[in-house]
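To start, the structure itself, in structure tokens.
Taken together, the values in this text are just the output of simple stated rules run on the coordinates, not laboratory data. Predicted model, so just to flag it, every value in this text is computed and none were measured. Glycine also receives a Cβ, built like all others from the backbone with ideal geometry; neighbour counts cover every protein chain displayed.
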Amino acid sequence: MARARVFGHEARQAIFQGPTPPGYLRRMGSPRTAARKKSPSSKSRSTSPKRAASSTAVRDPRVDAYIAKSPEFARPILAHLREVVHASGPGVVETIKWGMPSFEYHGILCGMAAFKAHCSFGFWKHELILGADPRAAEAMGSFGCLRSIQDLPSRATLIRATKQARQLNEDGVRAPRTKTARKKPVSMHPEFAAALAKNAQARSTFEAFAPSHRSEYLEWVGDAKRAETRARRIRTAIAWLAQGKSRNWQYERR
């Protein structure tokens, strides 16, 4: 969720390359500010255009609203994760990015999300903190599908990992970028093509989908090892497409 495997590089660039805040240059050129900077007894103030960490946590009411609107099973999970992140140290700033709660400290720290049947939580620099954790392959995030607090590591382990993430951000360590090979176009199985030809609504939905959404259905049908499995998936795919649903509609937040 809020880490390199969750968020795109383009989105990350958009976050950190924002405009200069109002009053920034004015503060920099103020004689009073200059005098205060020279005084050894005064506290330094950050004038960075980027959001700087403060000594106290900044809670966002939009995160409260997000948790309140989430499924009942998800609320205690999200509340627990929120508390753990803030327990890692002062200065964490809450916000909403990509429609999901995110936590910042000298940049993006981590993020969480709730879906219909599970939650997810991820560190922005997951690989540098947890390495090749197999749970990360189960779903978006660092710990796979979370259906209860028991699916998470202990509170102490989470706090320790969050502190490590904080230190990486303080040190200016960037999240590693992994180059992925371009996938070859997936061909449509003849039986799936025949089923689509018989259902105009399903065919119309499929043809209107973006290439990535069409590929999800094609791969799902094509990956079936047994004829019975393939036939069952085709029936399900046609039913979902007739209702205008994508292959992974269960995980889409409504």
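Which shape class, rounded, prolate or oblate, goes with the range 202-248 when its Cα gyration tensor gives a ≥ b ≥ c as root eigenvalues, a/c under 1.5 marks rounded, and past that a/b bigger than b/c marks prolate? Oblate, because a/c is 1.5 or more while a/b does not exceed b/c. Separation of the range 65-90 and the range 168-238 by C-alpha centroid, Å? If we compute the Cα centre of each part, the gap is 33 Å.
Going down the list Lys69/Lys125; Lys69/Lys97; Lys125/Lys163, which pairs span over 19 Å between their C-alpha atoms? Correct reply: Lys69/Lys125. Taking the average, over residues, of other Cβ atoms within 10 Å as the packing measure, peptides 88-100, 140-152, 219-231 rank 140-152, 88-100, 219-231 from highest down. Could you pull out which residues in the range 109-132 have an amide N less than 16 Å from a spot 7 Å beyond the Cα of Lys69, following the Cα-Cβ vector? Residues 112-116 qualify, since their backbone N sits under 16 Å from the label point. Distant-in-sequence amide contacts of Lys97, defined by a placed amide H-H separation under 5 Å and a gap of 5 or more residues or a different chain, comprise Ser102.
The simple spin-label model puts a point 7 Å past each Cα toward its Cβ; for Gln167 and Lys225 those points are separated by 4.4 nm. Charging the Cβ of each Asp and Glu at -1 and of each Lys and Arg at +1, and nothing else, the dipole of the range 190-251 about its Cα centre rounds to 200 debye.
For Cys119, nonlocal amide neighbours, meaning residues 5 or more places apart or on other chains whose placed amide H falls under 5 Å from its own, are Leu146, Arg147.
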